[in-house]
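Worksheet: one structure, shown below.
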Amino acid sequence: MDLSILISNPLINISVLSWAAAQLLKTLVDTVKHKQFDRHRLAGAGGMPSSHSAVTCSVLLTSYYMYGFNSPIFALSFVLALIVMYDATGVRWAAGLHAKAINHIVEYLEQDTSPEGRRALHELIPKLNESLGHRVREAICGAALGFVIAMIGHFVRQGGVYGF
């Protein structure tokens with residue numbers, strides 16, 4: 001299988017670069033905030049900035065640069081970016097709040113339960129991930145990061161401002 005198509009496609013390259021940058025920034029922000037490194041943040045959902053927004057917005061702007069405003073690829077990228085950011089700030093944010101409430105209920109139930117009951121409770125309801133969605137500002141920062149990375153990618157592909 002020829003993998004050169006993967007490294008020659010600017011839409012794939014810019015999306016991977018945007019995701020990696022967002023995940024690294026998210027991990028850095030989390031490390032500073034909690035004064036402790038958590039390697040799970042490198043691939044985890046939720047947090048600042050939104051990697052989903054960064055990826056979709058970098059693809060959106062790159063598709064505009066490559067194919068123009070009237071192209072079907074740009075239109076699809078635009079709709080996808082809107083859906084992803086709406087989902088991240090709405091549905092997935094609410095799911096994170098539900099997970100937080102369920103975890104709190106399980107902790108409350110554990111206080112008045114025997115050790116055997118606690119084990120059974122954990123088998124029935126494992127600790128749920130509470131960091132699923134994004135606040136609006138996290139999605140906006142992710143979108144801005146994606147746009148900046150797409151602009152840099154565009155200048156690099158065009159020979160850059162300094163001829164790189």
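Quick notes on this one:
- Single residue of ILE7, ILE14 found to be β-branched (Val, Ile, Thr), touching a Ser or Thr at 6+ places or on another chain (Cβ under 8 Å) and part of a helix (DSSP H, G or I): ILE14
- Residue count for the range 19-59, restricted to those that are outside any loop (DSSP other than H, G, I, E, B) and crowded, with 22+ Cβ neighbours inside 10 Å: 11
- Figure legend. Inter-residue proximity from the range 32-56: first residues within 20 Å of ALA144 (Cα to Cα) and touching a residue at least 60 places away in the same chain (Cβ under 8 Å), second residues aromatic (Phe, Trp, Tyr) and surrounded by fewer than 24 Cβ atoms within 10 Å (Cβ to Cβ), beta-carbon distance below 9 Å, spacing 6+ or different chains. Indicated pairs: GLY46/TRP93; SER51/TRP19; HIS52/TRP19; ALA54/TRP19; ALA54/PHE147; VAL55/TRP19.
- Taking the conditions (1) over 24 Å from ALA43 (Cα atoms); (2) surrounded by 16 or more Cβ atoms within 10 Å (Cβ to Cβ); (3) among the small types (Gly, Ala, Ser) in turn, GLY68 satisfies each one other than (2).
Here is a yes/no grid of residues against (1) within 30 Å of ALA120 (Cα to Cα); (2) assigned to a loop (DSSP other than H, G, I, E, B); (3) touching a helix residue (DSSP H, G or I) at 6+ places or on another chain (Cβ under 7 Å); (4) not aliphatic (A, V, I, L, M):
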| site | (1), (2), (3), (4) |
| --- | --- |
| LEU61 | no, no, yes, no |
| ALA75 | no, no, no, no |
| VAL79 | no, no, no, no |
| LEU97 | yes, no, no, no |
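- Filter result for ALA150 (within 18 Å of GLY44 (Cα to Cα) and hydrophobic (A, V, I, L, M, F, W, C)): no
- Condition broken by ASN103, with the remaining ones in (1) assigned to a helix (DSSP H, G or I); (2) in contact with a Ser or Thr (Cβ under 9 Å, 6 or more places away or on another chain); (3) of a type outside the set (Lys, Arg) satisfied: (2)
- Residue in the range 87-106 that is surrounded by 13 or more Cβ atoms within 10 Å (Cβ to Cβ), among the charged types (D, E, K, R), more than 21 Å from ALA144 (Cβ to Cβ) and at pLDDT 75 or above present: yes
- In this entry, THR89 is excluded by the filter for residues that are under 26 Å from LEU11 (Cβ atoms), among the polar types (S, T, N, Q) and touching a residue at least 60 places away in the same chain (Cβ under 8 Å).
The values are calculated or read from the model by the stated rules, or taken from the named source; none is laboratory data. No experiment lies behind these values; they were computed from the predicted model shown. Here Cβ is always computed from backbone atoms with ideal geometry, including for glycine, and neighbour counts include all displayed protein chains.
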